[in-house]
Amino acid sequence: MAELRRTEAKNFIQDRPGGYFTPKGIDRQAERHDRGSLAETVKLLGDSVPSPLPRLVTGSPAMTPRFHSTGPETSLYVGDCREILANLPEKGAVDLVFADPPFNWDVPYTGWKDGMPRAEFERFTFDWLDLAIECLAPHGSLWVNVADDLVAEVVMHLKRRKLALMNWCVWHFRFGHNRDSSFILSKSHALWFARDPENTHWNADAVLEPTDRSTLYGDSRTQTKLNGSQGMRVPFDVWYGPFWGRVHSKNSERRPLHQNQLPEVHLERVILSTSRPGDLVLDPFAGSGTTSTVARAWDRRSISCEISDVFAASAWERITEIGMIHQGRSRLSFDQAKKAIQLFKLGQVDEG
């Protein structure tokens with residue numbers, strides 16, 4: 001019986017650098033070496049396509065933002081993000097990169113031809129990822145929002161570039177495109193990588209939310225924590241709930257013209273958890289301007305790139321004139337958490 005109790009004992013040593021339950025026997029230096037060796041051993045389809053970067057960046061003019069504002073410093077460049085990132089004056093000083101790139105799903109974007117051959121699209125993805133990594137400070141974090149059909153390649157490429165996977169989060173939404181050929185798509189992946197897992201910005205207190213033990217079960221033990229976070233916990237790695245749904249036509253955040261738009265709370269959680277006030281946030285694909293809008297609301301400096309003149313002008317209006325609509329809504333109150341649980345049990349999710 002004593003032996004049985006030992007084998008069933010709970011493992012409390014789970015809070016380890018890197019986000020996941022790394023076996024204790026793995027040496028950190030050896031792990032870093034293994035990640036680096038992937039560059040020589042792992043070959044992906046996009047590796048077979050020559051990179052157009054030398055041609056794109058040769059003779060590129062000095063980078064000047066089309067739009068700029070202060071309080072905090074906010075810049076929006078217009079053009080191909082690969083050219084902009086390669087020549088960015090702030091290269092090596094960016095604290096946080098967040099990217100929601102095209103998914104290559106034949107979306108009729110303005111200024112961009114979606115639907116490349118697969119190998120070319122992978123090459124495009126690897127190129128902008130490499131340039132984004134060059135922009136990061138030594139403690140910097142890189143977040144990528146990516147769909148199912150490219151997530152494996154993105155993960156492997158970033159690992160072979162020696163970045164550490166901190167969290168593989170999933171953004172879940174219940175407003176999906178109906179189809180009967182397979183299960184309905186209701187998620188995308190939010191990947192958090194760090195240059196150095198032991199030296200990166202992580203602010204748990206900024207994103208704490210009520211724990212189910214407290215709101216659902218009334219467990220008094222959640223009130224005995226000694227660090228000031230009674231009844232609270234860090235969010236799970238599956239993100240859903242009020243204001244977390246897809247930004248559809250009746251959503252107050254919705255911007256006209258834009259094909260796709262992430263909810264503000266998505267960027268709020270990313271920015272609050274992995275950057276600090278005054279930090280520099282970079283978005284290679286501005287789109288509707290969500291990243292800089294949220295960064296500006298939370299006193300972060302930001303740089304965005306957008307290839308479309310039309311989208312850039314619309315995004316800048318939102319960033320500087322409209323601002324963030326649902327600030328602070330990525331964290332639920334106790335009453336909101338109870339309501340969200342009730343709705344989820346009924347198969348309903350209030351998406352704001």
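The values are calculated or read from the model by the stated rules, or taken from the named source; none is laboratory data. Being a predicted model, the structure only gives us computed values, none of them experimental. Glycine gets a Cβ as well: all are built from the backbone with ideal geometry, and neighbour counts include every protein chain shown.
GLY92 meets each of the listed conditions (1) surrounded by fewer than 19 Cβ atoms within 10 Å (Cβ to Cβ); (2) at pLDDT 95 or above; (3) on the phi < 0 side of the Ramachandran plot apart from (3).
I'm trying to understand the selection: among the residues of the range 292-327, which are part of a strand (DSSP E or B) and surrounded by 24 or more Cβ atoms within 10 Å (Cβ to Cβ)? Quick ask: steps written out before the conclusion?
Initial filter on the range 292-327 (part of a strand (DSSP E or B)): 301-306.
Those that are part of a strand (DSSP E or B) and surrounded by 24 or more Cβ atoms within 10 Å (Cβ to Cβ): SER302, ILE303, SER304, CYS305, GLU306.
Scanning the range 81-130 for residues that are assigned to a loop (DSSP other than H, G, I, E, B), of a type in the set (D, E, K, R) and touching a Phe, Trp or Tyr at 6+ places or on another chain (Cβ under 9 Å) yields ASP100, ASP114.
For the range 267-286, filtered to residues that are more than 15 Å from ALA313 (Cα to Cα) and among the small types (Gly, Ala, Ser), the residue that is surrounded by the most Cβ atoms within 10 Å (Cβ to Cβ) is SER275.
Contact annotation: residue pairs with Cβ atoms under 9 Å, 6 or more positions apart or on different chains, pairing a residue in the range 235-247 that is among the basic types (Lys, Arg) and modelled with pLDDT under 90 with a partner that is surrounded by fewer than 18 Cβ atoms within 10 Å (Cβ to Cβ) and in a loop (DSSP other than H, G, I, E, B), are ARG246/ARG174; ARG246/PHE175; ARG246/GLY176; ARG246/ASN260. Scanning the range 45-62 for residues that are part of a loop (DSSP other than H, G, I, E, B) and either surrounded by fewer than 16 Cβ atoms within 10 Å (Cβ to Cβ) or under 25 Å from the mean Cα position of the chain (by Cα) (or both) yields PRO50, SER51, PRO52, THR58, GLY59, SER60, PRO61, ALA62. Close Cβ contacts (under 6 Å, 6 or more residues apart or on different chains) running from residues in the range 271-299 that are free of Cβ contacts under 8 Å to residues at least 60 places away in the same chain to residues that are of a type in the set (Val, Ile, Thr) comprise THR293/ILE319; VAL294/ILE271; TRP298/ILE271.
Just a yes or no: is a residue in the range 258-278 farther than 16 Å from VAL144 by Cα and modelled with pLDDT under 80? The answer is yes; a qualifying residue exists. The listed residues are THR74, THR41, and the only one of them that is β-branched (Val, Ile, Thr) and under 22 Å from GLU321 (Cβ atoms) turns out to be THR74. So which of TRP105, TRP112 ends up being of a type outside the set (Asp, Glu) and out of contact with any Asp or Glu (no Cβ under 8 Å at 6 or more places or on another chain)? Testing whether each residue is of a type outside the set (Asp, Glu) and out of contact with any Asp or Glu (no Cβ under 8 Å at 6 or more places or on another chain) leaves just TRP112.
Can you tell me which residue among GLY228, GLY289 is in contact with a Lys or Arg (Cβ under 6 Å, 6 or more places away or on another chain) and either crowded, with 17+ Cβ neighbours inside 10 Å or modelled with pLDDT under 95 (or both)?
Details: GLY228 fails: in contact with a Lys or Arg (Cβ under 6 Å, 6 or more places away or on another chain).
Just one listed residue meets the conditions, GLY289.
Somewhere in the range 196-209, is a residue among the hydroxyl-bearing types (Ser, Thr, Tyr), surrounded by 21 or more Cβ atoms within 10 Å (Cβ to Cβ) and over 30 Å from SER51 (Cα atoms)? The answer is yes, given that some residue of the range 196-209 is among the hydroxyl-bearing types (Ser, Thr, Tyr), surrounded by 21 or more Cβ atoms within 10 Å (Cβ to Cβ) and over 30 Å from SER51 (Cα atoms).
Can you tell me which of LEU267, LEU262 is closer than 25 Å to GLY140 by Cβ and part of a loop (DSSP other than H, G, I, E, B)?
On the way: LEU267 fails: part of a loop (DSSP other than H, G, I, E, B).
Just one listed residue meets the conditions, LEU262.
Determine whether GLU153 is among the charged types (D, E, K, R), out of contact with any Ser or Thr (no Cβ under 9 Å at 6 or more places or on another chain) and in contact (Cβ under 8 Å) with a residue 40 or more places away in the chain. Show your work before the answer.
Numbers: among the charged types (D, E, K, R): yes; out of contact with any Ser or Thr (no Cβ under 9 Å at 6 or more places or on another chain): no; in contact (Cβ under 8 Å) with a residue 40 or more places away in the chain: yes.
Criteria not met by GLU153.
Taken over the range 145-174, the residue count meeting the criterion of being in a loop (DSSP other than H, G, I, E, B) and hydrophobic (A, V, I, L, M, F, W, C) is 3. Scanning the range 232-274 for residues that are among the hydroxyl-bearing types (Ser, Thr, Tyr) and more than 12 Å from the chain's Cα centre (by Cα) yields TYR240, SER249, SER252.
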